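Asker: One structure, pasted below without further comment.
The values are calculated or read from the model by the stated rules, or taken from the named source; none is laboratory data. Just so it is clear, the structure is predicted and the values come from calculations on it, not from any experiment. For neighbour counting, all protein chains shown are included, and Cβ atoms are generated from backbone atoms with ideal geometry for every residue, glycine included. Side chains included, ligands, DNA and RNA excluded: accessible areas come from the protein's heavy atoms. Shrake-Rupley method; radii C 1.70, N 1.55, O 1.52, S 1.80 Å.
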Amino acid sequence: MTGSMRSARPLKLIAAVAAATLFAAGCGSGGGSSLAPTGAASIATAASVAPSKLSIPAPTSLITPGTLTDCVDIEYPPMEFFPSTSVTDPNQAIGFDVDGARAVAGALGLKLAVRNVAFDGLIPDLTAGRCDIVWTALYVSTKRTDKADAVPYMATGWVLMVPTGNPKAIASPDDLCGKTISVQTGGLVEQAANAQSKKCTDGGKAAVKIQGYPKVPDELQQIVLGRVDAVWETDSAVSDFMLKNAGKYQVAYAFPRTDTYGVYLQKNKPDLSAALTAAIKALKADGTLAALCQHYQIDPAVLEAIK
C-alpha cells in the first residue's frame, strides 16, 4: 500500500522478502501504539493456529469441489509473501491473508489452493472463474464491487511511526509542527501532511518540514538515517517495516481507519458469500484471526471491519 491510499493494490515490497527470517512481535490489545514490537518471534513460517471446525455448510458453487481456490498477488508482506527467495510454490506462501484463507478453508472442511496472480489479473481471473476468491489485501471499492462482491475483513489507515521511545513526544498530528517527517509523494498522505502544516502555521506555530519521496522504501529509509522525526505512512507498510526492524520503531499515532480490505468473490454466489461471511465472523469470535494478527504484528483492532 502506498501513501496515496489508491484503490489499486498497496505498495509491492518485493525486496522485503529477501531475508529468510523476519521478526514479529506480540500485538497489543488495541490503540495507536500496538504495532510496536514487544518481543521477537520468527514469522518465516505460517502461523501455528489451531484449526477451527465450524458448523457452517460448505459452498457448493466452487470451481473444484472440495477445494477453495484463492488468487493472490504474493508480494506484499506481512499480508502475503514467500518465506524465502528459494520458495516459489504459491501453496507455501505465508502472511495474514494466506493463513486467513487457510483457516477459512479448514473451518469449511475444504482444501485451499493458492494461485499466484499478477495484480492486474486478479479480478479478471476471478470473474473468468479461475478462482473462487481473491484474498490479497485489496481495498473494497466501488470500482471493484461493480464487478465482484466483497466480504470486508480488515480495516486499514495511516500511522505516524517514530523511533522507539518517541524522543520527540509525538502523540498526534498536531505535534508535528516544527518537526521533520517523510512521506510518499503524489498521494493523499502528502496532501494531508501539507494540510497539517498549514494548520500549524495558521495557528502561529512552525510549519511541518515535509520530505517527499516517490517510493515508500526511500521514505522509510529516512528514519533509519536519522533525517526525520517521524514517518507518515499506511499501517500495512509500517507494520512490514517494523517486522524487519524489531525493537527500533513504534507507532506514535494511528489515524482513524476509514478503508477496508475485502475478500472478493464472483457475483451471484450466495452460498459462497454466506459461507465466507459466517466463517470469517466465527474465526474472529474464536480468536483465530487475532492470533494471526499477533503472529504478523498487526494491530488486532483492524478486525473491527468484520461485522
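Results for (1) within 24 Å of residue 299 (Cα to Cα); (2) modelled with pLDDT of 95 or more, shown as yes or no for each residue.
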| site | (1), (2) |
| --- | --- |
| 163 | yes, yes |
| 170 | yes, yes |
| 174 | yes, yes |
| 177 | no, yes |
| 204 | no, yes |
| 230 | yes, yes |
| 233 | yes, no |
| 239 | yes, no |
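Asker: Which residues, counting only those in region 60-85, are open to solvent by 10 Å² or more (accessible area, probe 1.4 Å), in contact (Cβ under 8 Å) with a residue 24 or more places away in the chain and assigned to a loop (DSSP other than H, G, I, E, B)?
Answerer: Of everything in region 60-85, those that are open to solvent by 10 Å² or more (accessible area, probe 1.4 Å), in contact (Cβ under 8 Å) with a residue 24 or more places away in the chain and assigned to a loop (DSSP other than H, G, I, E, B) turn out to be 60, 61, 62, 63, 66, 74, 75, 82, 83, 84, 85.
Asker: Out of everything in region 86-122 that is of a type in the set (D, E, K, R) and assigned to a helix (DSSP H, G or I), what residue ends up being nearest to residue 136 (Cα to Cα)?
Answerer: Here the residue is 97.
Each row is one residue, and each column tells you yes or no for (1) open to solvent by 10 Å² or more (accessible area, probe 1.4 Å); (2) closer than 28 Å to residue 132 by Cβ; (3) free of Cβ contacts under 8 Å to residues at least 60 places away in the same chain.
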site: 209; (1), (2), (3): yes, no, yes
site: 213; (1), (2), (3): yes, no, yes
site: 216; (1), (2), (3): no, no, no
site: 257; (1), (2), (3): yes, yes, no
site: 269; (1), (2), (3): yes, yes, no
site: 277; (1), (2), (3): yes, yes, no
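Asker: Let me ask you something else. Assess whether residue 221 counts as being part of a helix (DSSP H, G or I), open to solvent by 20 Å² or more (accessible area, probe 1.4 Å) and not charged (D, E, K, R).
Answerer: yes
Asker: Can you name every residue in region 145-175 that is outside any loop (DSSP other than H, G, I, E, B), within 20 Å of residue 97 (Cα to Cα) and over 18 Å from the mean Cα position of the chain (by Cα)?
Answerer: 145, 149, listed by residue number.
Asker: Sticking with this structure for a sec: What tally of residues in region 123-136 results from selecting those that are of a type outside the set (D, E, K, R) and either without any contact (Cβ under 8 Å) to a residue 60 or more places away in the chain or in a strand (DSSP E or B) (or both)?
Answerer: Qualifying residue count, region 123-136: 6.
Asker: Anything in region 249-258 that is out of contact with any helix residue (DSSP H, G or I) (no Cβ under 9 Å at 6 or more places or on another chain) and either in a strand (DSSP E or B) or among the β-branched types (Val, Ile, Thr) (or both)? List them, or say none.
Answerer: Listed by number, the list holds a single entry, 258.
Asker: Output the residue which, of all residues in region 138-197 that are of a type in the set (Phe, Trp, Tyr) and closer than 23 Å to residue 215 by Cα, is surrounded by the fewest Cβ atoms within 10 Å (Cβ to Cβ).
Answerer: Here the answer is 139.
Asker: Pull up region 260-291, narrow it to residues that are β-branched (Val, Ile, Thr) and assigned to a helix (DSSP H, G or I), then point me to the one that is nearest to residue 157 (Cα to Cα).
Answerer: Only one residue fits best here, namely 280.
Asker: Evaluate the following for residue 304: is it under 23 Å from residue 165 (Cα atoms), acidic (Asp, Glu) and either in contact (Cβ under 8 Å) with a residue 24 or more places away in the chain or open to solvent by less than 10 Å² (accessible area, probe 1.4 Å) (or both)?
Answerer: It is false that residue 304 is under 23 Å from residue 165 (Cα atoms), acidic (Asp, Glu) and either in contact (Cβ under 8 Å) with a residue 24 or more places away in the chain or open to solvent by less than 10 Å² (accessible area, probe 1.4 Å) (or both).
Asker: Go through region 176-199 and give me each residue that's part of a loop (DSSP other than H, G, I, E, B) and within 23 Å of the chain's Cα centre (by Cα).
Answerer: Result: 185, 186, 187.
Asker: OK, next. Residues being at pLDDT below 65 and either among the aromatic types (Phe, Trp, Tyr) or open to solvent by 50 Å² or more (accessible area, probe 1.4 Å) (or both): count how many of those fall in region 47-59.
Answerer: Residues meeting the conditions: 4.
Asker: Among (1) open to solvent by 10 Å² or more (accessible area, probe 1.4 Å); (2) under 30 Å from residue 94 (Cβ atoms); (3) not in a helix (DSSP H, G or I), which single condition is residue 232 missing?
Answerer: Only one criterion is unmet by residue 232, namely (1).
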